[in-house]
1. Taking the criterion of being of a type in the set (S, T, N, Q), more than 14 Å from I119 (Cβ to Cβ) and without any contact (Cβ under 8 Å) to a residue 24 or more places away in the chain, would at least one residue in segment 147-163 satisfy it?
2. Please tell me if V16 is among the β-branched types (V, I, T), touching a Cys at 6+ places or on another chain (Cβ under 6 Å) and assigned by TED's automatic domain parsing to the domain that holds G180.
3. Restricting the search to segment 140-172, which residues are of a type in the set (S, T, Y) and surrounded by 15 or more Cβ atoms within 10 Å (Cβ to Cβ)?
4. Would a scan of segment 199-213 turn up a residue that is over 30 Å from T45 (Cα atoms) and at pLDDT 95 or above?
5. Given the condition surrounded by 13 or more Cβ atoms within 10 Å (Cβ to Cβ), among the hydroxyl-bearing types (S, T, Y), outside the structural domain of K172 (by TED's automatic domain parsing) and under 30 Å from P168 (Cα atoms), answer yes or no: does some residue in segment 225-239 qualify?
6. Would you confirm whether any residue within segment 269-279 is closer than 30 Å to G14 by Cα, at pLDDT below 95 and not aliphatic (A, V, I, L, M)?
7. Filter segment 249-265 for residues that are within 17 Å of P222 (Cα to Cα), surrounded by fewer than 22 Cβ atoms within 10 Å (Cβ to Cβ) and not basic (K, R) and give the result.
Amino acid sequence: MTKEELFKTFHDIGLVPVVKIDDASKAEKLAKAMIDGGIPCAEVTFRTDAAEEAIKKMTKAYPEMIVGAGTVINAKLAEKAVNAGAKFIVSPGFNPETVEWCLAHNIPVVPGVATPSEIERGLSYGLTVLKFFPSEASGGVAMLKDLSGPFSQVKFMTTGGINVNNLPDYAKAQNVLAIGGSWMVKADLIANDQWDEITRLCKEAVIKLQGIQLVHVGINTPSEKDAFSVAEDFAKLGYETLPGNSSVFMGKDIEIMKSMYLGKNGHLAFKCYDVDRTVYFLKQRGFTVNESTVKYDAKGAMKVAYFNEEIGGFAFHLVK
């Protein structure tokens with residue numbers, strides 16, 4: 001997997017759990033619990049003596065899982081982690097020695113930054129993905145918004161003080177590539193073999209990350225005349241009539257199509273924080289994209305996408 005493919009996968013998954021493990025014998029069960037929860041990646045921190053062996057066990061048992069090493073504070077630790085099977089390196093701060101070793105060995109590295117000066121240093125090494133740490137203590141999403149202006153080319157992996165409650169705030173941030181945290185894989189849950197709870201917390205985080213919410217319902221009619229006829233009935237309920245080229249909107253909640261468009265009965269429109277990420281999420285659940293309906297924004301990110309499958313006779317699509 002190339003660096004570009006790795007970072008694209010990070011974006012699509014959206015979450016990179018930060019794992020502190022004291023007993024490497026539990027690594028395989030932990031990996032399975034995370035995969036079952038929809039998060040096939042992990043940053044195993046070198047805060048314990050078990051980290052190296054845990055990485056070996058996780059990568060051997062589940063080669064499809066993307067396992068990296070965190071809290072890598074020098075080049076020797078980076079080499080040890082890579083030899084154990086780590087696919088990427090994350091550090092809490094910016095150590096030139098560590099960064100240079102990783103670049104020389106073609107290993108994706110995400111050093112920690114918290115200031116504009118540190119970001120500029122990262123850019124001087126050609127790095128456009130950096131770790132924003134500690135996120136909450138360094139200003140959180142407000143700081144990230146301020147940084148997006150002068151550093152529009154930089155994406156951040158955010159860690160520090162993030163939990164299921166403030167997760168949506170980071171998921172909405174345009175310059176956040178992926179979100180790290182330990183609340184899904186707390187050390188006590190691992191120590192007590194609470195694999196079902198880890199899976200539940202991972203699933204909860206994945207759902208929360210999407211921000212899926214119904215925006216409007218689309219109703220198919222055979223013609224423009226029929227569409228306005230249906231609109232008259234909704235107007236009696238107090239809805240404002242807003243005619244368009246291909247449909248009539250009743251307020252913001254109901255779209256009456258002037259033709260028999262996608263879906264037996266019509267369509268459902270759902271908004272989400274990131275269309276590309278939610279497309280990935282839904283593909284894991286058996287849905288397939290109707291490629292002819294996909295629209296992109298100026299930066300090449302999806303902004304509209306219909307799926308081939310219907311729900312209750314309704315086609316459905318995502319919008320940002």
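1. Just the residues of segment 147-163 that are of a type in the set (S, T, N, Q), to begin with: 148, 152-153, 158-159, 163.
Keeping just the survivors that are more than 14 Å from I119 (Cβ to Cβ) gives 159, 163.
Right, trim to without any contact (Cβ under 8 Å) to a residue 24 or more places away in the chain and you get 163.
Looking through segment 147-163, at least one residue is of a type in the set (S, T, N, Q), more than 14 Å from I119 (Cβ to Cβ) and without any contact (Cβ under 8 Å) to a residue 24 or more places away in the chain.
2. Working: among the β-branched types (V, I, T): yes; touching a Cys at 6+ places or on another chain (Cβ under 6 Å): yes; assigned by TED's automatic domain parsing to the domain that holds G180: yes.
Yes, satisfied.
3. Answer for segment 140-172, where residues must be of a type in the set (S, T, Y) and surrounded by 15 or more Cβ atoms within 10 Å (Cβ to Cβ): S148, T158, T159, Y170.
4. Within segment 199-213, the first condition is being over 30 Å from T45 (Cα atoms), and the residues that meet it are 212-213.
Then keep just the ones that are at pLDDT 95 or above; that gives 212-213.
Scanning segment 199-213 turns up at least one residue that is over 30 Å from T45 (Cα atoms) and at pLDDT 95 or above.
5. No, because not a single residue in segment 225-239 is surrounded by 13 or more Cβ atoms within 10 Å (Cβ to Cβ), among the hydroxyl-bearing types (S, T, Y), outside the structural domain of K172 (by TED's automatic domain parsing) and under 30 Å from P168 (Cα atoms).
6. Applying the first criterion (closer than 30 Å to G14 by Cα) to segment 269-279 yields 269-279.
Of the ones still in play, those that are also at pLDDT below 95 are none.
No, the conditions are met nowhere in segment 269-279.
7. Step one: list which residues in segment 249-265 are within 17 Å of P222 (Cα to Cα), which gives 249, 254-265.
Then keep just the ones that are surrounded by fewer than 22 Cβ atoms within 10 Å (Cβ to Cβ); that gives 249, 254, 258-265.
Residues satisfying the conditions are F249, I254, S259, M260, Y261, L262, G263, N265.
Conditions (1) surrounded by 15 or more Cβ atoms within 10 Å (Cβ to Cβ); (2) touching a Leu at 6+ places or on another chain (Cβ under 9 Å); (3) touching a residue at least 24 places away in the same chain (Cβ under 8 Å); (4) under 21 Å from S247 (Cα atoms), marked per residue:
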{"site": "R277", "(1), (2), (3), (4)": "yes, yes, yes, no"}
{"site": "F281", "(1), (2), (3), (4)": "yes, yes, yes, no"}
{"site": "R285", "(1), (2), (3), (4)": "no, no, no, no"}
{"site": "A298", "(1), (2), (3), (4)": "no, no, no, no"}
{"site": "V304", "(1), (2), (3), (4)": "yes, yes, yes, yes"}
{"site": "F316", "(1), (2), (3), (4)": "yes, yes, yes, yes"}
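The values are calculated or read from the model by the stated rules, or taken from the named source; none is laboratory data. These numbers were taken from a predicted model, which means no experiment stands behind them. Every residue, glycine as well, gets a Cβ built from its backbone with ideal geometry; the counts of neighbours run over all protein chains shown.
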